[in-house]
Structures are given as structure tokens and as C-alpha cells.
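Here's the structure, in C-alpha cells; my notes come after.
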Amino acid sequence: MLMAKIDADETAIVQAVDLAGHLDAEVGGLEATFRAVGETLAASIGTIDQMARGLEDIQRSMAPETAGLAVSRLRQAAHRLSTLPLIQQRRAIEIETLTGRARELSALLADVSAILHLLGIYGMNIKIASSGEASFFDFVVGMESKLASGSREVRHIERELEQFGRVVGDVRKADRMLAQECARVGATAPADLTRNANALQAHVETVLQIAGDTGGIMRTVQGEVARILGAIQIGDSVRQRVEHCVAILRRVAPGSTDPAVPAVPPGAAAHMVRLVAAQLDTIGGDFATEVGAVIDSLNRLGPLADQLLRLLESHAGGEDAQILTRLESDIAKLDDVTQQLSQADRQLASLTGFVTRTLADLTQGLGRIQRIAVDVQDISTNTRLLCRRHGVIGNAVAVIAKEVAPCASQLDTLSTNVARLIGALAAIDLVQDGSGVDSALILDEALAVVHGACESANAAVAKGGEDARRIVVSLVSSAGDLEKQRSFAETLALGARTLALHAEGLAPGSSAAALPGEVDETALRELLPWAAGLYTMAREREVHALFLLPGMTRPPVATVTFDEDDDGLF
């Protein structure tokens, strides 16, 4: 340092203007250092903002509704695959029950068809027995129309039951192939998928925990850096205060080269030099305290930044890549199983849809069969009424009409049995596991979601690790740069001592407390207010007040606002 080269024995002959030049040069370098540190810390805050956005991306991609849901689907698919044998056993029982009920229904429909055919024969016999009597003939024509409608309904249901047999055959074939694939891969494959899905779930939760912990540390670091950045303006405040001291020295120093500035009497010059010495001494003390506090704060941030880096590096071990590779292998092993499962699901969906449609048709057909039973009962009643009005012909027809009434009762009984079978069919659960999804598609889509989430998280963590390393380097660098400036406090203290000696040389035997002579007082009553007008810091005014002459007003300390030049520091 330039000031360090000043020998104490020679201070009396050092010109104040030279000292001012030394201080000016020193404070310029100080300000440049503080400005560079401030820019570095400001960049660190920007870097932390970027890291925060990266963490938000991680938390969003790993959230329960995204990666969490995908992992849950992987586990559900694995569970379904592991329970397939039991599900197939239950489904086989249900399909057998369904087939048995369908056979019973076919038999009932055959009985209904036989009764309708018998009623058709009765109608023809009525025509013959009535010898073509118009009223009987017309009645039978209406009866035949209703019977034909009923027969068409029965044939429609019988055709659907025939189709049902083909659909059931497809389902059984798909289940057989699925069982073969399950036996080929063995029971361990779904268990492996479950185990690795569970490991992935734990990994996702760990990543979210790390992201949360990292976010907390980052917010602490960012807050501390922002606070330190605010304190960094000590460099600007010291610069201003030193510049004010330099201006005073140049104003009062003997040998000033400005001819427009009147010479300052020695006593007044000594008083002003002592004022500057006091200011420098105070600046040095304030600077030492404040820069020490800033350096301590930066040093305390070091462990936090290191912890942040360790957290991020703990995720960079590639564990997710290993888990994902195992999952992909597990899913590849199960590919044929999931394809067969999807085929079985499609066949089952076809059967389920067919059963649903058939039940709806049966329900409607049941209503029509029940109406046919009512119609047949009406036919029996109306036939007997006609017989009473047609004498001998009516007696012949009445014999046939007696056979119609039991048919109505039989149809009514059959419709009741059909209703019972419809209820039994509706109660059969073909799906068993409640799943109607494509397992192969679910596995592929879920793995793709998790894959994307892990890639996004890895990219964010890698970028965050680089950013964290830069922050650590910047904090260490900033602390080192500021540490080098600590000696400026000694420079200021040495300057203060030098000026005190210089003041003694200007006016031997004088002191700040001594009353000046008339000439010196006149000069000081001009110089002191002028110097007070230079100040922008409250601390400067406090020191200045100690050098006021009797009767002089202490400089006011203005209320600080962001719009004023006085920043209230020191």
C-alpha cells in the first residue's frame, strides 16, 4: 500500500495535497473491488433464480398427479398381472355359469316356440271346424298375426344366443393363450415389475424430498446474498466520505495551485486538517467493522452452498437410470403376456357388451312374450264367446278353444322363468378385477411419463449442480477479494495519524479545542459550513459537529428516503 510506505518520521513534511492524491487512488481501487463483488453476488442471485425454476420443473414433473400417478399405474398393472391366474379361474367359473344360463334360456325359448307353433295349429283347426265362417276366419287371421310376431321375436333371440356361443369361444381361446404366456414367463416377472415399480416410487419421493430441501437452502442462500448485496454499498459510502475528505484537504492545503482559491490561514488549515483526520479515523473504524461483517457473512454462506451442492450431487448417481432400465427389461419380458392380456380384455369387452345388449333385448323380448301370453288368454276367451253365438259350428270350435287356455298359462310360466334367467345373467361379473384398460398401453404410457420426468429432473439437477458450483466459487472469490481490502482500514488510520502530525506542523501548539484567532475564525466560519455542504452521510455530520466553533449550528441530520442523496449510512 502507498500509505504504508510513509515513514512516521517524515509525516510532518508530507504535503496534504499529496496525501489527498494517495487517498483518491486507494479509494478508486476499493470501489472497483466492491463493484465487482456486487456484480458477482447479483449474478449469483440470478443463478439461484434459475435454479429455483429448475426445482419447480422437478417438482412439477415428479408431482403425485404426473410421475406419481404413472408409477401408481405401473404398480396397479403389476398387481393385475400377478393376480391373473386367480382372475382367470374365477372368470372361467363365471363364463361356465353364463353358458349354463344361456342353455337354459335356449331351452325355454324352444318351449315358447313350440307353444306358438301349437297355437298356430289350433288356429288352422279353428278355421276348419268353423267351415270358413267369416267371424271365426277373421279372428284366426288376427291371432296368426300376433303369433307370427312372437315367433320372429323368439328367432331373433335364438340367433343372438348362437352368436353368444361364438363370442364365448373367442374369450376362452384368448384366456387359454394368456394362461400359456403367464406360465412361460413364470410368477416372478410380475413380482419383479412390482418390486422395481416400488423402487421407482421411493426414488420419486426421494427426489421430491431433495428438491424440497434444496429449495429451502436456496431460499436461505438467496436471502443472505441479497442482504450482503445491500451491505456491499459500504464501498460506495466509503468512497463518498473519502472524496469529501480529499476535497477538504485540497481546499485548505498550502500550495494549492488554484489561484481563485484564497489561501487558508495556518490555524484554520490545521483545524480543518484535524477534522479530516477525525473523519478518516472514523471511516477506517466503520469500514473495518462493516467489511468484517460482510466477509463473515460470506464465510457463513460457504457451508450452506456446499450442502446445496452435496444435495444436488446426491441425486446425480444415476439410480433412476438403473431403475428405469430394470423396468424396461421387466416390461419387455411381459410384452407377450400384456399383448395376450389386451387381446383377452378385448374379447371379454366384446362378450360383456354382447351380454349387455342381449340382456336389453331379452328384457324387451320378455315384455313381448308376456303380451303374447295375454293375447293367447284373450284368444281363448274370445273364441269361447264366438262359439256361444254360432250354435253347432260354435260347439265344434269350442272343443279346440279349450286347448288354447292352457297354452296361455304355460306361456306365463315360461315368461316368469325367462325373467329369472335374465336376472341371473345380469348378476354375472365377467371382468372380475374391475379392469377395462389396455395393460400393454398402460405400462408403455406410464413408463414414458416416468422416463420423461426423470430425464427432466436429471437435466435440472445437472444444471443445478453446475450453478451451485459457480455460486460456491463466487462466494469464495468474493470473500477473498473483500479480505484483501481489509488493509484499507489501516491505510485510513495511518492517514489520520499523518494528518494529525501535519496539522501540528501547520500550527504548532494548536488543538481542536483551542479557540482560534480572529483571522482563523473568520476563515473557519466560511470553511466549516462549506465542508458540511459536502456531506451525504449522517456519520460525517456527527464527526463534523465535534469541530464546530462556539455559536455555530450543528448540521441537521435529514430524514432518509430513497429519493434523497443522503443514504443515512455510517
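Every number here is computed from the coordinates shown, using simple stated rules; none is lab data. Keep in mind the model is a prediction, meaning the values are calculated, not measured. Positions of Cβ are backbone-derived with ideal geometry, glycine not excepted, and every protein chain shown enters the neighbour counts.
Worth a mention:
- The share of C-alpha pairs in the range 86-136 whose separation exceeds 19 Å stands at 57 percent.
- If you plug the beta carbon distance of ARG103 and ARG53 into 1/(1 + (r/R0)^6) with R0 = 60 Å, you get a FRET efficiency near 0.35.
- From most to least packed by mean Cβ count within 10 Å, the peptides 225-233, 278-286 give 278-286, 225-233.
- The modelled label-to-label distance for the pair GLN89/GLU160, using points 7 Å beyond Cα in the direction of Cβ, is 3.4 nm.
- Surface/4 estimate of mean projected area, convex hull on alpha-carbon atoms of the range 51-138, nm²: 12.9 nm²
- Isotropically averaged projected area of the range 96-223, using the convex hull of Cα atoms (one quarter of hull area), nm²: 17.3 nm²
- Distance between the modelled labels on ALA148 and ALA110, one decimal in nanometres: 2.7 nm (7 Å Cα→Cβ projection).
- Percent of Cα-Cα distances greater than 18 Å, calculated over the range 65-112: 59 percent
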